[in-house]
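The values are calculated or read from the model by the stated rules, or taken from the named source; none is laboratory data. Quick caveat, the model's predicted, so the values are computed rather than measured. Virtual Cβ from ideal backbone geometry, glycine too; neighbours counted across all protein chains shown.
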Amino acid sequence: MNLRPDSPETAATGSRLPEQELAEAIHLALVERRRSDPRGHEDMLSAIVAEVEEQAGILSGQAREALVERVMREASGLGPLEVLLEDESVQEVMVIGGGQVFVERGGRIEEVPVCFEDENQLRNTIERILAPLGRRVDELSPMADARLPDGSRVNVVIPPLAVDGPAVSIRRFPASRPDPEALVTLGTLTRSQAERLEQAVRERRSILISGGTGSGKTTLLNALASFIDPTERIVTIEDAAELHLGQPHVVRLESRPPSIEGRGEVTIRDLLRNALRMRPDRIVIGEVRGPEALDLLTALNTGHDGALSTVHSSSATDALNRIEVLSLMAGIGLPLEVISAQLRRGIDMVAHISRQADGSRRVTGIEEVGQ
C-alpha cells in the first residue's frame, strides 16, 4: 500500500519532517484513507505504520518506536488520555478545553501534566469515542453520553454550552469491587454496620443507599448484593453496567439512550417494568433518579421485597424525601400522602455513605424507616 509521489500524503510525510509533523501527517493520511474505505481500518493502520518506520530513518530506534506508538494512539485510541487510562489508580479523567486534564485518585482530584496539542486533537478523540456508538456532538446536540469498550462512562459537552472548549469526563469502573470484608478493612464500614446490613439483606429487607456523587454508593451496593443467597434469581437494572455480582443466576439489564434521530430510548423505568415480568427473587437498581421511583415503590408493596438501590442525597432523611419527589414525577396524580405511605411500607432501611475530606468513604448512618 504505497503512497503516490505526488499525493499530499507523501508530501506530508517526507523523510525530513520533524517528529511531531510526521506523526500528524501520518494520522491525516490514515483519516483520508479511512474516509475513502471505512473497512480494513487495522490493515490500513498497519500499512501506514510500516511507512512511518521506513520514512522515519532520521530518527533513532527508540524515537522511531515512540513515533509509531504515538501514531497508533492518535489513530485508534484516545490520544494523550491513553496513558492515564492505563493507570489502574485513576478513577476518573476530566478534560477542560484540551489545555487542562485532571484525574481522581483515591478520592482526590489533581491536575496532571498531560494535555492535548489543540482543540482539534481533542475533537478528534471525541469523534473516535462516539462514532462507533452511532452518537455525535454538534451545535444542535452539544451533549452526549457514551461508553468505552472497557465499560468506562464518558460524558461530553462542547461549545457553545462549554464556554472554555470541549469538556470530557471519563468515569472508570473497576473490574472487581471490594467485598464487605474489604470495606471493613478500608474503614468504609464498621464491623457492626456490616453485620447489621448483612442480616437485613438475608431477611429480605429493602435497603436504599444514599449519598452524594462519588461517595461510593455503587461500591456499597455491590458489596451488599453479595449477601443475597446464591440460589435466588437476581435482576440488575443500571444506566451503565457497573455491578459485578458473584451469584450464578444474575440477569443484567442496561438502559439505552436515544439514537441521533431521537428514537430507540429504553429508560430505567421501562427496564424495571419489564423486570417484574422476569420472575425476579431480587431486584437491584443501580440508581433511582426519575419516575421509576414510583414503580419501585409499587413493586415493593406488591410482593417484590428485598430490593436494593441507590439515590443521590445529602442524608438518609433527604433520601426519603427525594424518593417522594421522584415518584411525583411519574405524573399520575397520586397525592403525596399516598406516596409517603407506600414509601414507609416498601423501604425498610436507608444506609447513608459520605466521602470524607481525605478522600475516604464512610457509612455515616443506617436509619430504619418507620411504619
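List of remarks:
- The C-beta contact set for region 94-123 (first residue touching a residue at least 24 places away in the same chain (Cβ under 8 Å), second residue assigned to a strand (DSSP E or B) and acidic (Asp, Glu), distance under 7 angstrom, 6+ apart or interchain) comprises Glu104/Glu92.
- Considering region 268-371, the qualifying helices (runs of 4 or more DSSP H), each wholly inside and each with 2 or more residues that are over 23 Å from Glu242 (Cβ atoms) and in contact with a strand residue (DSSP E or B) (Cβ under 9 Å, 6 or more places away or on another chain), run over 316-328.
- Of all residues in region 281-305, those that are under 26 Å from the mean Cα position of the chain (by Cα), under 23 Å from Phe227 (Cα atoms) and buried (at least 21 other Cβ atoms within 10 Å of the Cβ) total 7.
- Residues being in contact with a helix residue (DSSP H, G or I) (Cβ under 8 Å, 6 or more places away or on another chain), in a helix (DSSP H, G or I) and under 21 Å from Gln356 (Cβ atoms) - total across region 183-229: 9
- When we screen Ala167, Ala241, Ala225 for residues that are assigned by TED's automatic domain parsing to the domain that holds Met349 and buried (at least 19 other Cβ atoms within 10 Å of the Cβ), the only hit is Ala225.
- Restricting Val101, Val83, Val95 to those that are within 24 Å of Asp150 (Cα to Cα), touching a Cys at 6+ places or on another chain (Cβ under 7 Å) and modelled with pLDDT of 65 or more reduces the list to Val101.
- Checking each residue in region 87-107 for being part of a strand (DSSP E or B) and either among the aromatic types (Phe, Trp, Tyr) or under 17 Å from the mean Cα position of the chain (by Cα) (or both) picks out Val90, Gln91, Glu92, Val93, Met94, Val95, Phe102, Val103, Glu104, Arg105.
- Selection status of Val137, closer than 16 Å to Ala167 by Cα, outside the structural domain of Ser215 (by TED's automatic domain parsing) and either of a type in the set (D, E, K, R) or assigned to a strand (DSSP E or B) (or both): no
- Taken together, the criteria place Leu122 among residues that are out of contact with any Lys or Arg (no Cβ under 8 Å at 6 or more places or on another chain), outside the structural domain of Gln356 (by TED's automatic domain parsing) and crowded, with 18+ Cβ neighbours inside 10 Å.
- Check on Glu265, surrounded by 16 or more Cβ atoms within 10 Å (Cβ to Cβ), farther than 22 Å from Phe227 by Cα and at pLDDT below 95: no
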